[in-house]
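Below is one structure, written out as structure tokens; comments come after it.
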Amino acid sequence: ETGVTQSPTHLIKTRGQQVTLRCSSQSGHNTVSWYQQALGQGPQFIFQYYREEENGRGNFPPRFSGLQFPNYSSELNVNALELDDSALYLCASSLFTNNEQFFGPGTRLTVL
Amino acid sequence: AQSVTQLDSHVSVSEGTPVLLRCNYSSSYSPSLFWYVQHPNKGLQLLLKYTSAATLVKGINGFEAEFKKSETSFHLTKPSAHMSDAAEYFCVVSESSGTYKYIFGTGTRLKVLA
């Protein structure tokens, strides 16, 4: 059974740029959630995707967007990067009817 | 609205002594509660979960937690700390439907002294 994978592991961007982060869900899981973990804080829910549509969103602006593909993998896109977007971005996969989420290792984004 | 409060940002224990990490929750209905551990530069690993079955929940690596509704608490304990337990620990409450999104506490950093 393959776990949740994320790519890239690290990324450095400058203010105003755009970034795409990728996540492959665990085998058999159909739902992907994204979280932002700023330094020294707990992860914050960004949004969730199920059946290729957004199924719930946290308190994040529209420049945070996502996609889910037919194989249940997902992308997180962030436009117009700001310094405060520097964080560890975590992807979690699950079954839609189950509240246990399985996390990937994360992508660390640094915005300069 | 649901929320989680981790009462200690840092906890230090000596190797071989008990561990207690405290968590209080707020929820308008019967919650699902979790404890996750995060080692440096690693993802989140599930230690244990409470989903309205037994109030004493046993997890991996000797950890356990007790759900106390009257105290709205879900404290994590381990009888004897090991050096490898040094990490960040997060208490989490989950919605009971819809997205089942996780609401994380601010974390407790556990330091284990030799």
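A few remarks follow.
- When each of B:106, B:5 is tested for being touching a residue at least 60 places away in the same chain (Cβ under 8 Å), open to solvent by 20 Å² or more (accessible area, probe 1.4 Å), of a type in the set (S, T, N, Q) and under 21 Å from residue A:88 (Cβ atoms), the lone residue that passes is B:106.
- Filter result (open to solvent by 10 Å² or more (accessible area, probe 1.4 Å), in contact with a strand residue (DSSP E or B) (Cβ under 6 Å, 6 or more places away or on another chain) and aliphatic (A, V, I, L, M)) within segment A:68-110: A:83, A:88
- Subset tally (residues that are more than 9 Å from chain B (Cβ to nearest Cβ) and part of a loop (DSSP other than H, G, I, E, B)) for segment A:63-96: 12
- Members of segment A:12-25 that are part of a strand (DSSP E or B) and under 14 Å from the mean Cα position of the chain (by Cα): A:19, A:20, A:21, A:22, A:23, A:24
- Exactly one residue out of B:25, B:36, B:29, B:89 is hydroxyl-bearing (Ser, Thr, Tyr), touching a residue at least 40 places away in the same chain (Cβ under 8 Å), in contact with a Ser or Thr (Cβ under 8 Å, 6 or more places away or on another chain) and within 27 Å of residue A:9 (Cβ to Cβ): that is B:89.
- Selected residue (criterion: nearest to the other protein chains (Cβ to nearest Cβ)) from residues of segment A:25-54 that are open to solvent by 30 Å² or more (accessible area, probe 1.4 Å), of a type outside the set (Asp, Glu) and farther than 16 Å from residue B:103 by Cα: A:50
- Boolean, residue B:11 is touching a residue at least 40 places away in the same chain (Cβ under 8 Å) and within 30 Å of residue A:47 (Cβ to Cβ): no
- Filter result for residue B:111 (within 11 Å of chain A (Cβ to nearest Cβ), open to solvent by 20 Å² or more (accessible area, probe 1.4 Å), closer than 30 Å to residue A:10 by Cβ and not β-branched (Val, Ile, Thr)): no
- Residue B:42 being open to solvent by 40 Å² or more (accessible area, probe 1.4 Å), in a strand (DSSP E or B), closer than 21 Å to residue A:90 by Cβ and within 14 Å of chain A (Cβ to nearest Cβ): no
- Looking across A:28, A:40, one residue alone is under 21 Å from residue B:88 (Cβ atoms) and either of a type in the set (S, T, N, Q) or in a loop (DSSP other than H, G, I, E, B) (or both). It is A:40.
- Count - residues of segment A:43-62 that are within 19 Å of residue A:95 (Cβ to Cβ) and in a strand (DSSP E or B): 9
- Qualifying residue in segment B:53-76 (condition: surrounded by fewer than 20 Cβ atoms within 10 Å (Cβ to Cβ), closer than 27 Å to residue A:32 by Cα and among the aromatic types (Phe, Trp, Tyr)): no
The values are calculated or read from the model by the stated rules, or taken from the named source; none is laboratory data. Since the structure is predicted, the reported quantities are computational estimates derived from the model, not experimental observations. Note that each Cβ is placed from the backbone with ideal geometry, even for glycine, and that neighbours are counted across all protein chains shown. Heavy atoms of the whole protein, side chains included, go into the accessibility calculation; ligands, DNA and RNA do not. Shrake-Rupley method; radii C 1.70, N 1.55, O 1.52, S 1.80 Å.
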